[in-house]
């Protein structure tokens with residue numbers, strides 16, 4: 001179990017910059033738009049947002065594990081390699097597209113979040129947590145491979161902690177998550193992670 | 001060995017005197033720096049094959065494995081086996097070196113830096129330039145972060161396995177290891193291209209600027225470094241020759257003049273290229289000073305005592321076999 005937690009945590013820490021760079025620019029204006037001037041109200045909003053993200057992660061974790069259990073032949077060593085290679089290409093592609101277009105590439109995240117930003121931080125976090133960005137796709141694949149809801153939940157929980165580390169300062173220092181530097185760092189980490197998974201995927205074939 | 005050590009000390013002193021006498025800091029630095037790399041690689045290559053070889057606490061390895069090493073250091077606190085797990089104490093040594101030498105470490109002291117530094121001066125003009133400017137150095141910081149997390153996850157020195165510059169001298173890993181083919185392939189595709197080929201074609205230190213995990217650290221400590229390479233705005237003609245000459249993506253042009261950024265390694269190629277003589281070494285206060293050259297050669301020369309005598313001995317043995 002410790003190795004599963006460590007893997008999930010490290011994946012989150014390695015991908016967190018990427019996630020923060022892509023999703024936090026939406027989250028921080030939302031935090032500011034709630035109209036709360038004090039730190040405590042903003043923390044409450046932030047906690048609700050994180051609770052929504054965590055709920056999404058756990059739902060996906062259990063779903064992936066149950067899918068893996070129902071279809072034990074779903075994941076073969078060759079398919080593992082193919083999926084890793086696909087995730088790597090998508091990860092690198094999204095990183096480069098983000099670098100050029102400066103856009104949040106969480107599918108539907110920004111528009112949907114805008115509509116709900118009026119008063120539903122939990123649901124906003126839930127929707128952003130369901131986004132299929134490439135690091136999340138890698139984690140889903142691992143959940144299918146584990147085929148055990150408890151282990152998959154632990155993995156995604158650790159992943160959540162790792163990615164949250166990058167978002168945690170947001171209520172205190174809102175400016176940093178919207179900085180171009182943070183966005184670029186997230187993109188670079190995404191490209192590096194894509195290259196790593198590409199090599200792992202090719203080696204697994 | 002004593003003779004080789006004394007000879008090396010005399011050589012460094014004489015070289016520094018020559019630099020001060022002629023003012024050709026960049027020119028002599030290039031040969032000095034390349035020599036460090038050559039003798040280090042020679043010494044390591046032949047030492048590794050000996051029975052008494054011990055893994056060195058290389059600064060590149062420590063930078064990439066900082067989380068892994070920190071974990072081992074934590075274990076040492078409970079195991080009392082301090083010497084076995086005390087790699088972080090060597091990390092503290094490298095941190096002190098960075099504080100003493102600043103980013104000039106990358107331009108004067110690092111025993112791997114001479115590889116791509118010397119190759120970046122093979123051609124008179126670059127065939128093309130790596131785009132992105134300072135963004136390349138930001139990518140280097142991402143490499144440090146990524147390698148650190150990856151090494152911690154797998155409890156392996158990932159940078160050493162995949163990208164170590166020493167691998168150009170031959171494979172040092174167990175040839176029976178199953179991952180070896182992939183690591184060698186990745187190294188040829190990425191490491192060798194970025195370390196050996198691109199510096200020649202671009203006249204830029206692409207490995208040291210983009211992939212070296214340790215190289216991301218000195219710029220972070222720029223605020224603590226007392227050394228600068230300063231551009232006199234009154235003399236600067238904004239011709240851009242210094243930007244073309246800089247191999248480390250460390251020059252930028254402002255409205256008034258060119259200026260160095262935090263990534264400057266004090267290699268002084270910009271100063272050698274400047275037709276107006278507007279670029280000099282200085283202290284952080286702006287006062288002109290060449291102390292960074294003295295400190296760099298003292299530090300680099302002292303560290304080189306660990307490997308130059310052995311490298312010279314290896315060279316003599318090679319020459320003996322050849323003739």
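The values are calculated or read from the model by the stated rules, or taken from the named source; none is laboratory data. Just so it is clear, the structure is predicted and the values come from calculations on it, not from any experiment. Note: ideal-geometry Cβ built from the backbone for every residue, glycine included; neighbour counts use all protein chains shown.
Observations on the model:
- Qualifying residue in segment B:299-311 (condition: closer than 28 Å to residue B:201 by Cα and buried (at least 17 other Cβ atoms within 10 Å of the Cβ)): yes
- Conditions (1) away from chain B (no Cβ under 11 Å); (2) farther than 14 Å from residue A:13 by Cβ; (3) at pLDDT 75 or above: number failed by residue A:159: (2)
- Taking the criterion of being within 14 Å of chain A (Cβ to nearest Cβ) and touching a residue at least 40 places away in the same chain (Cβ under 8 Å), the residues of segment B:102-134 that qualify are B:132, B:133, B:134.
- Of all residues in segment B:168-208 being in a helix (DSSP H, G or I), more than 14 Å from chain A (Cβ to nearest Cβ) and at pLDDT below 75, the one that is surrounded by the most Cβ atoms within 10 Å (Cβ to Cβ): B:168
- Helices (runs of 4 or more DSSP H) wholly inside segment B:209-323 containing at least 1 residues that are touching a residue at least 60 places away in the same chain (Cβ under 8 Å), touching a strand residue (DSSP E or B) at 6+ places or on another chain (Cβ under 6 Å) and on the phi < 0 side of the Ramachandran plot: B:269-273, B:291-304
- Residue B:88 within 30 Å of residue B:294 (Cα to Cα), away from chain A (no Cβ under 14 Å) and modelled with pLDDT of 85 or more: no
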